[in-house]
1. Once the Cβ-Cβ distance between ARG457 and TYR321 is put in as r, and R0 is 56 Å, what FRET efficiency do you end up with, to the nearest 0.05?
2. Pairs LYS102/LYS156; LYS491/LYS534; LYS449/LYS534: which exceed 31 Å Cα-Cα?
3. Carbon-plus-sulfur fraction of the accessible area of the stretch 224-283, 1.4 Å probe, in percent?
4. Pop out the ³J(HN,Hα) list for the stretch 529-534 in order, Karplus 6.51 cos²θ - 1.76 cosθ + 1.60 with θ = phi - 60°, rounded to Hz; leave Gly and Pro as x.
5. Stretch GLU366-VAL571 to full length: gain in nm at 0.36 nm per residue minus the Cα-Cα span?
6. Of the heavy-atom accessible surface of the stretch 443-559 (probe 1.4 angstrom), what whole percent is carbon and sulfur?
7. Please say if the stretch 462-502 is rounded, prolate or oblate, where rounded means a/c under 1.5 for a ≥ b ≥ c the square roots of the C-alpha gyration tensor eigenvalues, and otherwise the choice is prolate for a/b larger than b/c and oblate otherwise?
8. In whole Hz, what ³J(HN,Hα) sequence does the stretch 550-562 give by Karplus (6.51, -1.76, 1.60; θ = phi - 60°), x for Gly and Pro?
Amino acid sequence: MLLKVMEQFKNRVFNKVLLIYSITIVLTLFLLLLVLSRYYTQVKVQEELDYNSRTLERIESTFDRKHEYLQSSVRELYMKNDLLTDISFALQHTYGEYLSFKLNKYYDSNSFVPNNLDTFLQTFFSQDKDINAVALRSITTNIEYSFIFNHNRWNKSLPNETQVRNVLPNEIIDDNGKYKNTYIFNESINDPALLKNIGYITVYYSLDGIEELLDTAKLKLIGSVYIFDRKGHHLYSSEKGSLPEPLRKLSFSTNSREVHWNGQTYYMNSLADRETGYMYVGFIPEKEISKITIVHWTMVLFTSLFAIIAIIIAYFAMRNYAKRIYAIDATMKQVKKGNLAVRVQNDDKKDELSTISNSLNDMLDELNQYIDDVYILTIEQREAEMKALQSQIQPHFLYNTLEAIRMRAVMDGSKTTSVMIYNLAELFRYSLTSKDVVTIGDEIEHIKKYLELMQIRYSSRLQVYYCIPDCYYSNKIIKFTLQPIIENYIKHGFRKEASDNWIDVKAEKGDSALHVYIEDNGYGISAQRLREIKETLDSPAMKSDSIGLKNIHERMQLTYGKEYGIQIESVEGKGTIVEIIIPIL
């Protein structure tokens, strides 16, 4: 029994399609989940790394400014001979000798303001709130002069809270590892006469400024920021606690990499500044980046839910189709047995199955009434052929009749009537041609026939001028472009009481188009009416009484583009100029 059920399930197209669809939708959704998950992770990680890098660059910029200021201060020192002499003497003699030298120098000076070591350090370094202390050291006499600018911070930075006086030799040690919350910059001082190094100046900066900088970025900054010197001494950490193991033995370099530690993934940015000798490191746990793990599980949950919903919807949608397929299959089995009266039950749906059902029903109907259908179709075909022949005969009858009338007028000596009938026949012939695009030459010939009729009607009251170079006669133009404009002039602009009416048709080549102008000296158009016509031409949705002009304009723009069409200028009582812009073809 179970095998039979399995066999039926296997042989049913509906079951196969549902199974394949379910597998496909599950694989597709979870593949999409994998791609989106990785993409989301990469985007968020890169976003945080970029922000972390910008923060490290801001810290580096702060250090660079401090270092550059120290260098500029030393350069300023070389430009002041008295001050450089004072500092050079202090670094190359004992402290007592320097005090005697300073008193003698002050005694001999005309100024009440001393220009010595103290004033130099106070002038250049007292304004920076981040400086804790400045030390001036000699490399020949082992003398050091220390100046404390922020005693509170300086005392806290010393190892074992050691107190330091304002001037103490050999107390300040240039060692980042021994000072708390402090970073150090050194700059050499050379003897200008001997051009040799006699000492160097050391500035001790507090890291409180860096702490303030990071406080402004903490709302967006994820992870921790660390500062190391060139020797690998850990100077600063934005997080309390011990230094993470991956940061204990870092090389002095700039890079970005992924680190695995304690079963978790971390992203590490390092920015090494060889000029200042400091390296800035960002250490970001992956789990803190916008809660990636929570987002991943949420995406898995929703993907599973969507897959289940998609399969359920597919099942109910396909079950209805399956019933219709089974009905078609049953009908075809009955036809195979010879029952041509059976039909598939029609429904209101418009799909392929309905097409198959209707086609099957139609086929059965055709099988039952084949002879009659063929006979009726044959008769209908003959009637269609007769109507086609009649439609061909009618224009020929019209032309032949007009030609007979014209010939009779010639025989009776009425040449004017003959010309009018001939022009009318030509107008009909041109109107009934099936071409949508003609040459300018054809269109000009058509309007000539029309204007000749009007000249006969208004004898000696209408003059027509043509100024169209022969090279433009073969240019293509949409059929019935010029004649409606001429007809508008005859209907609305022609002054029947005047004898000096004229109309001028000319063509000129522009930069990238051919411009055909139709100018007259008729009644013209009022300013209000002209504005309405222009608005109608520019707005396809607006309705207008100038149906002919609007039709020509829209046909040209649909055929050639928005830069082509009709432009109208008119002055009431003086005349109108209609410009037709067409491509050069």
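1. Calculated value: 0.20.
2. LYS102/LYS156, as the Cα separations exceed 31 Å there.
3. So the carbon and sulfur contribution to the accessible surface is 44 percent.
4. In residue order, the calculated couplings are 5, 4, 5, 5, 5, 5 Hz.
5. The span from GLU366 to VAL571 would gain 66.7 nm if fully extended.
6. 49 percent
7. oblate
8. 4, 5, 4, 4, 5, 4, 5, 5, 5, 7, 9, x, 5
The values are calculated or read from the model by the stated rules, or taken from the named source; none is laboratory data. Predicted, not measured: the structure shown is a model, and the values here were computed from it. So basically every Cβ, Gly included, is an ideal-geometry build from the backbone, and we count neighbours across all protein chains shown. When the accessible area is computed, the model is the full protein with side chains, heavy atoms only, and any ligands, DNA or RNA have been set aside. Shrake-Rupley method; radii C 1.70, N 1.55, O 1.52, S 1.80 Å.
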